[in-house]
């Protein structure tokens, strides 16, 4: 009896603490954000640099828990060095960084945009930490703004559209934050979702406030959210999310059946339109030449898509594999390419007609319809081919169907939580027999997916007689079956509990927890290169090791290096080496540019869509404006190069080009 009372008292205490914590969630989130940024904690996989540049200095200090993900090269190899380069430039944070590569780079067109300190900073909330606190804390700000921000704003959005159903909103927000696309596409998806939810939450509150001060503050939040959404350039995700954002905003208006027409709201709206237009105008003006060059590239260029194929259907079950990606990598493609949001599609297909007609009218039903409509439009685009004119008329033609599938599953994933919240009345739920039959169908679909596709079977059973595959398969079957059953039964607790388990398993171990920037900053190579650079800051460098990693390392240090990842083709550079433009189809692309020395005429080879291998003679290097220093692993001929530094621990040598006459011999 006493034990029962004690358990009841403990349960009551825990419940009170949880309720108070929930009420103070923004205060707690703000305190956590400040703590994490202050301690310079982040989840970037920059520890990979310890495998590439090994010799550390005495200042090296690096706290790390978890696995560094080499596959996240878009982050540690590209986005992070570009952002750090902006903090090392004088003046700092330029829109066009003339110190990068051979002739500079438009920094706002990076994905995500590197920090640029002009009026477009209004649309770079994720970069504000670089402006305020410098490189290390800026990197931490960037990380926690994304993931803590997506969780908190996703929670607020789901609270308002579900009518305050806390557990459903909490499970939905956490499942979106920890979902495979949010975790593995970490240079695009979390930014877009942050500003998608941020704008929608701020706009709803703006429409409903009557206080003049709150009206102004909420419009400012709308401006930051909308500008940041537009300036985080990755159209394949942006365009469908923009369509969804507009549809939800219309649902707000339909649900309210009115528009605030008082003076503070009208003034705020006019200011908001003007500021947003101004920011976008400056951004386009700053990057007009870069945009033009990207549009004219071989890759990515301006593609006209006409939809996908029915063969993409099995991809909808990829989330049942990606729940294990943190522990076992996929056998085909990579974790990013195979990342989708989990959708209990069989149950959703059965529930939608009933909910569409019979759910209680109001905001939740309207928003549910918007997410379903957008999800089905995008899913159709992914599964079927359309005539070119239909593709153009629908404005879907710029969207790669493989990327559209990510946003399609996001739309349907959110719709599934709204379906659960709307299905609570008994008249809207399916019978036990119907729910059980659909759950069994879902399990059978997964088993067909498993046994009819060799790559899937090899993923779960990686080695012959690998018994670990059995519990993995059982877990995937149970998860998918339970989600389908509980959705049709309207059992929010079971549905949300299952999706929480899935989300924690699939997402919590993807990224490491790190502190600081030591793997980049505190290396002997950094000391030597920065010392040379400080003595001759105008000189450009080139890496002839045949890889791009060291070039990007120099970029992170703010050293102007010709090779590396060219976000925009440097046509001025290529004209110096290929005056007649004979190889333009090879180098006119977004590319990881590497160089090897050769005795033959210059040649350029696109090894794949985004990889360019160049072969140059020693004399060709003197045709590159401002080039003086060469990073090499091999010994270079003394007639053209003078050795000025050697790093035996890295098997690297730094040379200076000799005079043009001897270099051309």
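The values are calculated or read from the model by the stated rules, or taken from the named source; none is laboratory data. Here the structure is a predicted model, which means the values were calculated and not measured. Here the Cβ positions follow ideal geometry from the backbone for every residue, glycine too, while neighbour counts run over all protein chains shown.
Please tell me if residue 273 is more than 26 Å from residue 368 (Cα to Cα), surrounded by fewer than 17 Cβ atoms within 10 Å (Cβ to Cβ) and either modelled with pLDDT of 90 or more or not assigned by TED's automatic domain parsing to the domain that holds residue 179 (or both). Considered against the rule, which asks whether it is more than 26 Å from residue 368 (Cα to Cα), surrounded by fewer than 17 Cβ atoms within 10 Å (Cβ to Cβ) and either modelled with pLDDT of 90 or more or not assigned by TED's automatic domain parsing to the domain that holds residue 179 (or both), residue 273 comes out as yes.
What number goes with the only condition from (1) within 21 Å of the chain's Cα centre (by Cα); (2) more than 22 Å from residue 339 (Cα to Cα) that residue 189 does not pass? Of (1) within 21 Å of the chain's Cα centre (by Cα); (2) more than 22 Å from residue 339 (Cα to Cα), only one is false for residue 189: (2). Output the residues belonging to segment 357-372 that are more than 22 Å from residue 169 (Cβ to Cβ) and touching a helix residue (DSSP H, G or I) at 6+ places or on another chain (Cβ under 7 Å). The answer is 358, and nothing else. Any residue in segment 384-397 that is surrounded by fewer than 22 Cβ atoms within 10 Å (Cβ to Cβ), in the same structural domain as residue 468 (by TED's automatic domain parsing), touching a helix residue (DSSP H, G or I) at 6+ places or on another chain (Cβ under 6 Å) and under 24 Å from residue 301 (Cβ atoms)? Within segment 384-397, one or more residues are surrounded by fewer than 22 Cβ atoms within 10 Å (Cβ to Cβ), in the same structural domain as residue 468 (by TED's automatic domain parsing), touching a helix residue (DSSP H, G or I) at 6+ places or on another chain (Cβ under 6 Å) and under 24 Å from residue 301 (Cβ atoms). Checked against (1) surrounded by 14 or more Cβ atoms within 10 Å (Cβ to Cβ); (2) modelled with pLDDT under 90; (3) assigned to a helix (DSSP H, G or I), residue 330 passes all but a single condition, namely (3).
Looking across segment 306-326, just one residue is surrounded by fewer than 17 Cβ atoms within 10 Å (Cβ to Cβ) and part of a loop (DSSP other than H, G, I, E, B), and that is 309. With respect to the stated conditions, residue 347 is crowded, with 24+ Cβ neighbours inside 10 Å and more than 18 Å from the chain's Cα centre (by Cα). When each of 571, 577, 554, 582 is tested for being at pLDDT 95 or above and not assigned by TED's automatic domain parsing to the domain that holds residue 289, the lone residue that passes is 554. Given the options 438, 390, name the one that is over 26 Å from residue 357 (Cα atoms) and assigned to a helix (DSSP H, G or I). Going through 438, 390 in turn, just one is over 26 Å from residue 357 (Cα atoms) and assigned to a helix (DSSP H, G or I): 390. Among the residues making up segment 502-522, those that are crowded, with 17+ Cβ neighbours inside 10 Å and in a helix (DSSP H, G or I) are 502, 503, 506, 507, 518, 519, 520, 521.
What residue, among those in segment 528-540 that are in a helix (DSSP H, G or I) and within 32 Å of the chain's Cα centre (by Cα), is surrounded by the most Cβ atoms within 10 Å (Cβ to Cβ)? Looking at the filtered set, the residue picked out is 529. Among the residues of segment 572-605, those identified as in a loop (DSSP other than H, G, I, E, B) and surrounded by 13 or more Cβ atoms within 10 Å (Cβ to Cβ) are 578, 583, 588, 590, 598, 602.
Look through segment 355-384, keep the residues that are assigned to a helix (DSSP H, G or I) and at pLDDT below 90, and return whichever of them is nearest to residue 396 (Cα to Cα). Top of the filtered list is 357.
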